[in-house]
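Shown next, in structure tokens, is the structure this report addresses.
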Amino acid sequence: MASQLLTDFPELSHLTREDLEDLLADPQYFQAIFHNLPQVKALYQAQTELALANESIANNNLTLQEPLYQLRSETKDAFDDAKNLEARWKEVEREQKEVYQRFTPQFLLMRLKHATTAQDDHSEVVASSFVQASPSDSSSNGKDIDDFVKEFRELRKTYHKRVMWGDRWSAGQVQ
């Protein structure tokens, strides 16, 4: 057994059997010899170097901590801005769709038809009011008739133009 010990730890070969027994019996003596072994010194040296390397890494991390927190804050702000802009984009896109909806061919044709009907109704109201006007309400001279005819012709002219545009549109002649 002693030969196995000396094979594994040649550093102890200079100790006598009594020194080895004292080594086992006295913990302080054991510690003194143990800590002077080259393997233990190398292990402690490696441990010290690792501790210094860890401390250096920790100090480096601490110096990077504030810029990292700043970058994290800026990234969060940029992300929040992007989310707000995305929401705004959807709103603007919806508004744009509503605006463009007013200029689709179907909507414009519908507006033309409504305007045509309104023009026809307006010209009929003007004609009815002229016919129903009694001669005692106003002087029915030629000037009043001329004014009515001129106004009625303009109203009907606009109406017929709108009817023609609507017919062309329905026939596919308007792009």
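Things worth noting here:
- Full-stretch length increase - residue 87, residue 31 - with 0.36 nm per residue and alpha-carbon distance subtracted: 13.0 nm
- For region 3-72, trypsin sites (Lys or Arg not before Pro) meeting the loop criterion (DSSP other than H, G, I, E, B) and having at most 14 other Cβ atoms within 10 Å: none.
- Ordering 92, 59, 3 by the projection of their Cα atoms onto the charge dipole of the chain, which places +1 on the Cβ of Lys and Arg and -1 on the Cβ of Asp and Glu, puts 92 at the extreme positive end.
- The chain: DSSP helices with Cα axial extent of at least 27 Å and average Kyte-Doolittle hydropathy no lower than -0.5: 105-132
- Lys, Arg +1 and Asp, Glu -1 on Cβ, resulting dipole of region 102-170 about Cα centre, debye, nearest 20: 560
- Selection of chymotrypsin sites (Phe, Trp or Tyr not before Pro), region 74-110, meeting DSSP coil and at most 10 other Cβ within 10 Å: 103
- Counting lysine pairs in the chain that sit 8 or more residues apart in sequence, or on different chains, and whose Cα atoms lie under 29 Å apart gives 9.
- Kirkwood hydrodynamic radius of the chain, Cα pairs, Å: 27.9
- Calculated FRET value between residue 97 and residue 75, using beta carbons and R₀ = 25 Å, to 0.05: 0.15
- Residue of 92, 163, 131 that the Gaussian network model of the chain assigns the largest fluctuation, springs spanning Cα pairs under 10 Å: 131
- Selected from 129, 56, 13 as most flexible by GNM, with the chain as the system and alpha-carbon contacts under 10 Å: 13
Taken together, the values in this text are just the output of simple stated rules run on the coordinates, not laboratory data. All values derive from a computational prediction rather than experimental measurement. With ideal geometry, Cβ positions are generated from the backbone for all residues, glycine too; neighbour counts draw on all protein chains shown.
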